[in-house]
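Contents: one structure, followed by commentary.
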Amino acid sequence: MARRDGKQLGIFGRFWANQSDRHFQIITNVSILSAALLVWGIIFLFVLSGASDPSKENIVTLTWIGMLIGAVGTFYVGPEFFYYLEQKQLLDDILLLDSRAEVLRRRKEGEDAAIMLGSKYMGLMRGLLEAQEIPVGKNLSAKNSIPMRDSNESKDSSWFNNTNSKISHRLPGLDILRVLFYHRLLILATLGSLIILVWNTLFGLATQSGSREYTIDLTEMISGSSSYYYPAFHFDPVSILLIFFFLILLTSTRPFDNKEE
């Protein structure tokens, strides 16, 4: 991929080289999509037993293909994503430095990380050097973009791209919540769960007599009842509790406001 020094040949190699500023974004999106396809395939085929349900046979093949693509994508792109993520976290740490001596000491690794991540991050590194009155080398060709340490930074960032979330402050011991990949994954998983639960409650997910208009009663399903299908729409205590839980969890992924402290 982009971090390798070997010569890239062919159409894909030239295309990849021309997207140098978007390598991190592309790898992040491909990693999320691959992981989602893999997880959905495992849940649908092995947890929900979708392969043995005649009413879902039209999507079984697509699910197998998607899971295979997701597995290959996760295997090959996943390591690249974590390498890029490591470099971004390293650069983020350097951009937060206030000591001129410390910036000088870590300048080389910061420049290397910024160049690999693209012009946006090169601009941030260049801005840090200029803010500390350190001469900027020609290798940082991006325009000046001095990093701002504004306490209200989270307000200016989008929900999906902001890792300074409410839940990360409520659970400070879980550093994983400040990693962009897992922040996005939490949003997507929570939103997907909400959609499935609400759809099951209002319109039904189960098929009876050829009609997909039956709600799965999770309360009776968990209690071991032999019959837990009801005509939609239908409410049950467990579904309501789960809907509220995921709704609260989704709200907690919103950007943190310092005024809430």
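The values are calculated or read from the model by the stated rules, or taken from the named source; none is laboratory data. Just so it is clear, the model here is predicted, and its values are computed rather than measured. Backbone-built Cβ (ideal geometry, glycine too); neighbour counts: all protein chains shown.
Annotations for the structure displayed:
Every residue, every condition in (1) modelled with pLDDT under 85; (2) among the hydrophobic types (A, V, I, L, M, F, W, C), yes or no:
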residue: 194; (1), (2): no, yes
residue: 203; (1), (2): yes, yes
residue: 216; (1), (2): no, yes
residue: 224; (1), (2): yes, no
residue: 227; (1), (2): yes, no
residue: 241; (1), (2): no, yes
residue: 244; (1), (2): no, yes
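- Residues (surrounded by 14 or more Cβ atoms within 10 Å (Cβ to Cβ), out of contact with any Ser or Thr (no Cβ under 7 Å at 6 or more places or on another chain) and not aromatic (Phe, Trp, Tyr)) located in segment 218-251: 219, 220, 221, 240, 242, 243, 247
- Taking every residue in segment 225-237 that is more than 8 Å from residue 214 (Cα to Cα) and pairing it with any residue that is among the acidic types (Asp, Glu) and at pLDDT below 85, at least 6 positions away or on another chain, the pairs with Cβ-Cβ distances below 6 Å are 228/220.
- Residues that are surrounded by fewer than 20 Cβ atoms within 10 Å (Cβ to Cβ) and in contact (Cβ under 8 Å) with a residue 40 or more places away in the chain, drawn from segment 108-138: 116, 118, 119, 120
- Residues of segment 155-182 that are of a type in the set (Gly, Ala, Ser) and either at pLDDT 70 or above or closer than 17 Å to residue 89 by Cα (or both): 158, 165, 168.
- Any hit, segment 22-40, residues being under 26 Å from residue 112 (Cβ atoms), modelled with pLDDT under 85 and of a type in the set (D, E, K, R): yes
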